[in-house]
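To start, the structure under review is shown below, and the notes come after it.
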Amino acid sequence: MLNTAFRVLISVRSKLFFVFLTMASLLALLGGYAFYAISTTGAVVEYTYDRPLMAINYARAAGQTFAQMERDIGNEADLKSLEKRLEVFQSDLAVARERSISERAESHFAQVETLSSQWAESFLSAPTGLNLTRNIITEESQRQTQGRLSHQIEEELDTIVELQTNESFRNRESAVNGIDKVERYSLMATGLALALSVLLASWLSVTIIKPLKAAAQAARKISAGDLNTQIPKGGDDETGALLKTLSSMQDNIRGRVDLEQSARALAQTRLVESLENSKDAIVLTDANERIIAVNNQVRTLFPPLVNANLLNAELQTYFHRSGVPKHIPHIYDEVQNEIRSAEGRWARINAFDTAEGGRLILWTDITAAKKAHQNLTISKDETEAAHAKTLFLAAMSHELLTPLNAVIGFADAMAMQHKRSGNDQKQLEMCQIISRNGDQVLKIVQDVLNIADTANTKILSASQEIVDLKEVVTFCLKTIAKDMQPKQLRLLWNSQMAPVKVRGDRVHLQQAVLHLLSNAVKFNHPGGRIKVNIRLQADSSVAIDVIDDGIGIKAEDLARMIEPFEQADKSYSRRYEGAGLGLSVVQKIMAFHSGELQLRSAFGKGTCATLLLPKAYQESPARPVPKDSENVNDSSIISAA
């Protein structure tokens with residue numbers, strides 16, 4: 001029973017009730033004291049100002065009335081008029097005496113009444129009344145008596161006024177002192193009430209607000225993840241119960257978090273073990289694209305990252321979201337979603353979004369499969385080509401080259417003869433047609449011989465030198481210029497660019513560029529454009545772009561264009577001549593130079609053929625020229641290394 005009563009007394013409700021009751025009592029006391037002070041002030045004002053002022057005014061009014069009576073006597077006024085003024089005088093004197101605040105003035109009021117009665121009797125006792133002539137009432141003794149009485153009455157009235165004034169001044173001083181005392185007491189009472197209010201507020205702050213504030217701060221820290229924050233013990237009231245409950249909740253949350261962290265650590269350990277045992281290179285990120293898991297296969301696949309601190313790093317620092325590496329030399333096959341590193345390793349990329357908003361990227365090493373497929377293809381091609389090459393070369397060497405050279409020679413000789421003589425213009429044109437077609441057939445035969453003899457390095461010069469690609473492109477443009485005139489093609493070429501040098505075979509680099517320019521002229525529209533760029537890329541490799549806005553290549557035909565004897569239009573009624581060997585020859589030349597051929601094309605809009613060569617050899621960096629993509633759709637890309 002006592003314990004329950006004690007808990008009720010120390011409860012928050014009891015504390016608040018006590019404080020409110022105390023504050024209400026203070027307000028009531030202050031209000032009562034203020035009412036008392038106001039009431040007292042009113043009485044003081046009345047006693048200090050109202051009564052003395054009225055007493056003085058009525059005393060002066062009595063004096064004025066008395067003076068008027070004297071003037072009326074001098075003017076021989078009638079007795080009835082004097083009696084009325086005497087009544088007014090006595091009435092004013094009675095009011096002044098009633099309002100008097102001076103005890104000393106009482107004797108003077110009595111003296112005035114006595115003297116005024118004597119003064120009145122001195123006139124009323126005359127034998128003939130007040131209407132007697134001046135000769136009768138001006139007796140010397142009677143006038144002296146009346147004058148003496150009048151003078152005494154006036155002195156007494158002045159004394160009364162002076163006493164009232166003095167008493168009023170003394171009362172004023174007493175009232176001022178009383179008001180000062182009331183002010184001091186009021187200030188003391190107000191200060192005492194404020195001090196008591198501050199004490200009560202401080203007591204509430206210490207016993208209620210402070211524990212609640214501590215509980216709120218602890219709750220915020222716990223919600224923010226700080227499970228080790230210190231929680232005060234608190235007392236036996238409701239705030240103490242709240243703090244104890246909060247402490248218990250903190251212990252429960254800490255226990256659950258510890259269990260969760262242990263489970264997460266175990267799961268992460270198993271995940272890391274699984275990643276390390278995986279043959280694939282794997283990177284896992286969180287929702288903010290920070291790398292939270294990575295295995296050693298990533299560094300094996302990308303040797304430049306051996307010393308990089310990948311864990312907790314930003315994914316975008318090293319890789320695109322698609323998994324394509326940044327700042328690492330590689331070749332990317334967008335169609336197959338495969339990359340080849342500078343060390344020759346191939347990997348297929350698979351990238352997924354996780355349920356938590358992160359990113360999972362896997363690189364599967366397919367180098368062995370690529371090599372096996374390449375070896376199988378090479379073996380098959382070599383087997384098939386070996387037999388065809390033997391037969392073909394034997395026939396081509398004498399059956400085609402010798403007659404073609406003879407035909408071209410005789411046709412040129414006949415054309416020269418007809419040109420000099422000028423006899424038969426028609427025969428001259430026929431000889432020129434024979435020469436041009438012979439040259440075309442000879443080019444085809446030479447391409448076929450080059451393709452057939454790729455196993456022998458005689459096709460490619462073994463002696464390499466420092467080659468200026470600007471000079472190579474300039475030479476090829478001058479060579480192909482005569483073929484551009486019939487179609488009135490426009491050429492875009494920065495002839496003022498700085499030299500860009502590489503190590504390679506000048507003759508075969510010129511042959512590769514000429515093949516690309518020949519295709520750009522052949523498959524372009526009349527009045528079309530051909531743009532040639534030489535670009536020095538970020539990884540110091542060099543790219544030569546030959547861009548046209550001609551007929552373009554369909555996406556399904558793009559992949560086979562670099563194969564020998566392949567053409568987009570295989571029908572016998574095709575519009576464009578050729579054996580389909582040019583791009584295949586270019587591919588072989590690029591392979592010899594450790595480079596690659598890339599084709600981008602949009603059907604009906606144009607084609608961009610790019611020669612990629614290894615690191616440039618130059619004394620000063622070339623000015624990068626942006627890639628022209630106006631007439632080319634980059635969605636279809638095929639590369640050949």
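Things to note:
- Between Glu103 and Ser205, the contour length at 0.36 nm per residue exceeds the alpha carbon distance by 30.7 nm.
- Inter-probe distance in nm under a simple model that places probes 7 Å from Cα toward Cβ, at Gln64 and Glu384: 14.8
- Over segment 230-384, the Kirkwood radius and the radius of gyration, each from Cα atoms, give a ratio Rg/Rh of 1.29.
- Linear extension gain, Glu113 paired with Met430, 0.36 nm per residue minus alpha-carbon span: 96.9 nm
- Of all accessible heavy-atom area on segment 258-344, the percent that carbon and sulfur account for (1.4 Å): 50
- Filter on Lys470/Lys588; Lys482/Lys588; Lys426/Lys531; Lys279/Lys326; Lys478/Lys605; Lys380/Lys554 - keep pairs with C-alpha separation over 30 Å: Lys426/Lys531
- Within straight-line reach of Lys221, meaning a Cα separation under 30 Å, sit the following lysines at least 8 residues removed in sequence or on another chain: Lys15, Lys210, Lys213, Lys233, Lys244.
- Contour minus Cα-Cα distance for Ala342 and Lys482 (0.36 nm per residue): 46.3 nm
- Sequence of Asp548, Asp365, Asp158 from largest to smallest accessible area, 1.4 Å probe: Asp158, Asp365, Asp548
- 19 Å cut-off, amide nitrogen to a point 7 angstrom out along Ala216 Cα→Cβ, residues in segment 245-272: 245-247
- Protein heavy-atom surface of segment 212-253, 1.4 angstrom probe: 54% of the accessible area is carbon and sulfur, with nucleic acids and ligands not counted.
- Computed from the Cβ-Cβ distance with R0 of 35 Å, the FRET efficiency linking Met249 to Leu196 stands at 0.35.
- Computed label-point distance, nm, for sites Ile38 and Leu227 using a 7 Å Cα→Cβ extension: 6.5
- Sites Ala369 and Leu266, calculated FRET efficiency, Cβ-Cβ separation with R0 30 Å, nearest 0.05: 0.25
- Cleavage-rule hits, GluC sites (Glu not before Pro), segment 70-120, DSSP coil, Cβ neighbours within 10 Å at most 13: Glu76, Glu103
- Cβ-Cβ FRET estimate between Val407 and Lys279, R0 fixed at 51 Å, reported to 0.05: 0.25
The values are calculated or read from the model by the stated rules, or taken from the named source; none is laboratory data. What you see is a predicted model, and the numbers here were worked out from it, not measured in a lab. Glycine also receives a Cβ, built like all others from the backbone with ideal geometry; neighbour counts cover every protein chain displayed. Heads up: the accessible areas ignore ligands, DNA and RNA and are worked out on the full protein's heavy atoms, side chains in. Shrake-Rupley method; radii C 1.70, N 1.55, O 1.52, S 1.80 Å.
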